[in-house]
Amino acid sequence: MSQLGNPLAKAVVTKGASKAGDFLKNNTLVVVGTLATVYAWYKLPAYLKRLAAERYARANIGHPVVTAAAIIHESFSRIGYKDGFLSFLLPEFDIFTDEAALMDIASQIDDVKLVAQAYKILFDRDLFKDTLNGLSTTELSSFYNAIRSPSHNSDPQLDSNYYLVGDILYCAKKSGIQVPQVELQNDDSWLTTQELYGNYNHKQEIGQVVATDIYAPENKRYYIVERCSIWGGFWCYYGIVWSDQVINQEI
């Protein structure tokens, strides 16, 4: 005697599958759009960080701070995953550290804060955390003792430690400064206009560095700073400041 099963149960299953199929058929664009949005929400920040790191590296290639950050990063050999789901299965850990390279570059660093900032932008990593995990207590002490960290920022006017493209500059003058507005010309030079970029008080943020060079007649370094009205680089204005007027960290 054959077993027919429950016809009512089969009908319910068939009807449920049909409804699910109809939903997917009628809402394909919505489903695909939702999945694409979730994927972009997850991937976009990492993509934008990578683009920013590439622009930063190109704009500041050869600068001692960027070079130091790169050497420090390459001194650590790691396996595992720093973040994401796989980091739970195989957390990142160091397998080898080139202490000789680290100590050599440490003796050439004037300001570890600038290097840490470049390290974060280029590699999205924390310099102190990486050195803490990759060095023994004795090695860590030797590394930071070897750094020539000044108690204050030296004037980067003419030396190689000028501020980098991408740095945020703040007013260093207690009396405040007036910043002229400039425009980029066809020959890639900057020309002051009759407009004012802005008046800034001590410690106030001025803008982000987009270019820097030496003004030959006075042998003095200047920075072109940018301020945009809308996030993403729209409605931007440009100003010019001198190296002795600004600092690249909040004070």
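Things to note:
- Number of residues in segment 74-103 that are assigned to a helix (DSSP H, G or I), open to solvent by 40 Å² or more (accessible area, probe 1.4 Å) and at pLDDT 85 or above: the value is 4.
To keep it simple, each residue is scored yes or no on (1) modelled with pLDDT under 90; (2) out of contact with any Pro (no Cβ under 7 Å at 6 or more places or on another chain); (3) open to solvent by 50 Å² or more (accessible area, probe 1.4 Å); (4) part of a strand (DSSP E or B).
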residue	(1), (2), (3), (4)
L191	no, yes, yes, yes
L196	no, no, yes, yes
N199	no, yes, yes, yes
I240	no, no, no, yes
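Condition check ((1) assigned to a strand (DSSP E or B); (2) at pLDDT 85 or above) across all residues:
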position: S141; (1), (2): no, yes
position: Y144; (1), (2): no, yes
position: S151; (1), (2): no, no
position: D155; (1), (2): no, no
position: Y163; (1), (2): no, yes
position: G166; (1), (2): no, yes
position: L169; (1), (2): yes, yes
position: K173; (1), (2): no, yes
position: Q181; (1), (2): yes, yes
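- When E226, E250, E205 are checked against the criterion of being loosely packed, with under 12 Cβ neighbours inside 10 Å, under 27 Å from A116 (Cα atoms), of a type outside the set (A, V, I, L, M) and touching a residue at least 12 places away in the same chain (Cβ under 8 Å), a single residue qualifies: E250.
- Boolean, Y197 is under 21 Å from N60 (Cα atoms) and not assigned by the TED database to the domain that holds A52: no
- K174, sole failed condition from (1) exposed (fewer than 12 other Cβ atoms within 10 Å of the Cβ); (2) under 28 Å from G62 (Cβ atoms); (3) of a type in the set (K, R): (2)
The values are calculated or read from the model by the stated rules, or taken from the named source; none is laboratory data. Since the structure is predicted, the reported quantities are computational estimates derived from the model, not experimental observations. So basically every Cβ, Gly included, is an ideal-geometry build from the backbone, and we count neighbours across all protein chains shown. When the accessible area is computed, the model is the full protein with side chains, heavy atoms only, and any ligands, DNA or RNA have been set aside. Shrake-Rupley method; radii C 1.70, N 1.55, O 1.52, S 1.80 Å.
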